[in-house]
Structure formats: C-alpha cells, structure tokens
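Participant: Quick one: the structure is below, and I'll ask about it shortly.
Coordinate-derived values only; no laboratory data. Not measured: the values here are computed from a predicted model. In this analysis, Cβ positions are derived from the backbone assuming ideal geometry, glycine residues included, and neighbour counts consider all displayed protein chains.
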Amino acid sequence: MSINVNNQDEVASPSKTNEMLKKHKLVLKKSLGQNFLIDQNILHKIVAAADLDDQKGALEIGPGIGALTQQLAKAAGKVVAVEIDQRLLPILEETMQAYPNVKVIHGDVLKLSLEEIFQEFDQSTKVSVVANLPYYVTTPIVMKLLETRLPLENIVVMIQKEVALRMAAPPGGKDYGSLSIAVQYYCEPELVMIVPRTVFIPQPNVDSAVIKLKVRTKPPVEVEDELWFFEVVQACFAQRRKTISNNLLARFFTKDTRDELNGILQQCDIDPIRRGETLSLSEYARLSNALLAYKP
Ligand code: SAM
C-alpha cells in the first residue's frame, strides 16, 4: 500500500506539536517518559535505519501523538502502535486519519502479550520494532522483546545514550556488562547516531542515541542452558571490582568446593584474577557450560 499525504499533516515540528497538545489540553507526563520528537530529519534517519518497505511491518511502542508513526506508515506496509496513555488515543485518531495501514492498540507493552500483538501482522511479514522508547522502561522493554524470541528483523530504538553505549560495548571497557552480553547474545548492535536534547518536547535531562539491533536467527555461541548462562554472567558482574573467581565463589561455591572452581577456570583457559568486564561472549558460554554441574 502506498500512502500519499500532504506534509501539512505531519505533526513533528515544534509548532504542530504544541498546537496539538494545546488543542487537546494535554499536559505531558514525565512519569510515562513523554518526550516527543519534533525533528523530521531525525525521524527520517530512524525510519531509514529500519530497512522497511511496503511488504514489511513495523511495531511501534509509544506512538505519542504519532510523529514517528506517520513516517513509519509511509515506509511500511503495516504499522501496529501500542500506547499506554488513553489521553493520546483521540489525538492519534486524528493524526492517523490519512494512514489506514496503522492500527493503534491501547495498553502497557510490558503487560500485553507480544505474541498476540504480533498476530496483527501476516505470518510471512518481516517485522521490525521501531520506537522512541519511554526511557523509564527501556531495558525491560528491550529484554521482553528479545526474550519473547519473536521473529523480528530489526529493533531500531531511540534510548538514553548511556544505555545505547552499554548495549553496543565490546569487552574490556566500563560500559561492558550483563546488558551488553544479553543484547549481543540475541542481536548485532550498531550505534546509528547520537541525538541532541533539543529535538524533543519537552527536552529530556539525559542525552539520547538511536541504536539498531539486528536480531540474530541463532545466538553466536553454543550455550547448554540459557538461564544458567545469564545467571553466571550476572554473578561475574555482582561486584565489578572483584575478580571472577571471587564473584563466582561468593555465589555458587562453599569452602569445601572452592578448589573445584580453580580447576574449572583452568580447564576453560580463563585466568581467575580477571574481572567480569574482560570476558567475551564465547568465554562466558564456555564457563557457564563447564559450571553447569554447580547449578543450584
Ligand atoms: N513516539 C513518540 C515520539 O517519538 O514523539 C512518543 C515517544 S515518548 C518518548 C514515549 C511514549 O511511550 C509516550 O507516548 C508514552 O505515553 C508511551 N509509553 C510509556 N510507557 C509505555 C508502556 N509501558 N507501554 C506503551 N507505551 C508506553
């Protein structure tokens, strides 16, 4: 379906956004992360990063008054947008009038079933998540998207810069942690751009970035027990300044079994005095597989 609309309909400009908020007497809620995008350039770059076409679908979380949704509707065959704030529904009805390929669902994305939302798309449609996420729930939303194992193509999201850097961080630096490992287990991350605060109404008090997560069809490492793998990773980062040996001892070993840990680390070719932030994804996979017998 090709959508032809007059640019006059687009809501992403300071004057249009303010006009719309005033018309509907809407006071934005900080508690819902309501920082609306007002820059067409940034919107176009976000949409371009998602590689959409009219055969593909986009799932948007938090359409707000529809600035990004309008651009997604022009780029994709179908858009499903989930919005928690009931007050925005009449506004979205207005701003989506010229876009029949958009379906708005009212609800909290953290409580709704993603599988059910996904049924809005044809089974053969390649779907990407594209959103300017509410920052107070960025990590739970991204983790829910990944852990649900939906057959997503890409996840292109505007998030806090600091969280984006953590998701994309390679081993060895201060940004690398359990979030980097979880994201990189499921996806290939790519930092698309750093975004200034001035492109939002109201301006957030943190810097932002757009990150593209290309969802992998299969994890890059062989892990025998995924839950355990993530538990081992968490344990190794429990106290960042401690060695992995001390972190693992505190969590899974007793005085009687502490020698066994050294044996396992040696067998995995991992120096016990290394810190969690220096281990690669494949070293964590090797370590968690070797430690499986110690799973409580
Ligand atoms: N997409 C719009 C834009 O770019 O201008 C608005 C983005 S704003 C950062 C985040 C949006 O997410 C708000 O509309 C907010 O009401 C909505 N939201 C917050 N928490 C949500 C949740 N748990 N589920 C669905 N939407 C949520």
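Participant: Among LEU261, LEU88, LEU43, determine the one that fluctuates most according to a GNM of the chain built with springs between C-alpha atoms less than 10 Å apart.
Facilitator: Sorting by GNM fluctuation, first place goes to LEU261.
Participant: Same structure again: Would you mind checking which residues have amide H under 5 Å from VAL127's amide H? H placed 1.01 Å from N; only 5 or more apart, or other chain.
Facilitator: Distant-sequence amide H within range of VAL127: GLY57, GLU153.
Participant: Sticking with this one: Can you give the FRET efficiency to the nearest 0.05 for ASN205 and ASP54, using r as the Cβ-Cβ distance and R₀ = 41 Å?
Facilitator: In this case the efficiency is close to 0.60.
Participant: Hey, what did the chain get for relative contact order, percent, Cα under 8 Å, at least 6 apart?
Facilitator: Result for the chain is 15 percent.
Participant: By a straight-distance test (C-alpha under 16 Å), which lysines pair with LYS111 as possible cross-link partners, with residues fewer than eight away in the same chain excluded?
Facilitator: LYS144
Participant: May I pose another question? Among LEU89, LEU28, LEU112, which one shows the highest mean-square fluctuation when the chain is modelled as a Gaussian network with alpha-carbon springs under 10 Å?
Facilitator: Ranking LEU89, LEU28, LEU112 by mean-square fluctuation puts LEU112 first.
Participant: Further question: Could you give the nm distance between label points at SER282 and LYS29, where each point is 7 Å from its Cα heading toward the beta carbon?
Facilitator: 4.8 nm
Participant: What does the net charge come to around PRO14 if you take all other residues with beta carbon closer than 13 Å to its beta carbon, with K and R at +1 and D and E at -1?
Facilitator: -1
Participant: For GLU116, project a label point 7 Å along Cα to C-beta. Then give me every residue of segment 61-95 with its amide nitrogen under 16 Å of that point.
Facilitator: 81-84
Participant: Restricting to bridges with both residues inside the chain, how much of the DSSP beta-bridge set is antiparallel, in percent to the nearest 5?
Facilitator: Roughly 50 percent of the beta bridges in the chain run antiparallel, per DSSP.
Participant: While we're looking at this one, here's another question. Between segment 89-155 and segment 158-235, what is the separation of their alpha carbon centroids in Å?
Facilitator: One Cα centre to the other: 19 Å.
Participant: Sticking with this one: In terms of the Cα gyration tensor, with a ≥ b ≥ c the square roots of its eigenvalues, is segment 1-114 rounded because a/c is under 1.5, prolate because a/b exceeds b/c, or oblate?
Facilitator: oblate
Participant: Still on this structure, please answer the following. Per DSSP H run of n ≥ 4, the term is -39500 (n - 2.57); total these for the chain, divide by its residue number, and report the mean residue ellipticity at 222 nm rounded to 500 deg cm²/dmol.
Facilitator: Helix-only estimate at 222 nm: -10500 deg cm²/dmol.
Participant: Past 27 Å, Cα to Cα: identify those pairs from LYS29/LYS161; LYS161/LYS214; LYS22/LYS56; LYS126/LYS295; LYS16/LYS45, in the order given.
Facilitator: LYS22/LYS56; LYS126/LYS295
Participant: Continuing with the same structure: Any chance you could run the full-extension gain for THR148 through ILE105? It's 0.36 nm times the residue separation minus the Cα-Cα distance, nm to one decimal.
Facilitator: Length difference between fully extended and current span is 13.6 nm.
Participant: By the gyration tensor of its Cα atoms, with a ≥ b ≥ c the square roots of the eigenvalues, what is the shape of segment 7-215: rounded for a/c under 1.5, prolate for a/b over b/c, or oblate?
Facilitator: Oblate shape, in that a/c is at least 1.5 and b/c is the bigger or equal ratio.
Participant: Further, regarding this structure: Compute the length gained on full extension between LYS45 and GLU162: take 0.36 nm times their separation in residues and subtract their Cα-Cα distance, giving the result in nm to one decimal.
Facilitator: So the extension gain works out to 40.1 nm.
Participant: On a straight-distance basis, which lysines could pair with LYS23 in a cross-link, Cα separation under 25 angstrom, same-chain partners fewer than 8 positions away excluded?
Facilitator: LYS103
Participant: Taking a ≥ b ≥ c as the square roots of the eigenvalues of the Cα gyration tensor of segment 226-294, is the shape rounded (a/c under 1.5), prolate (a/b larger than b/c) or oblate?
Facilitator: It comes out rounded by the Cα gyration axes.
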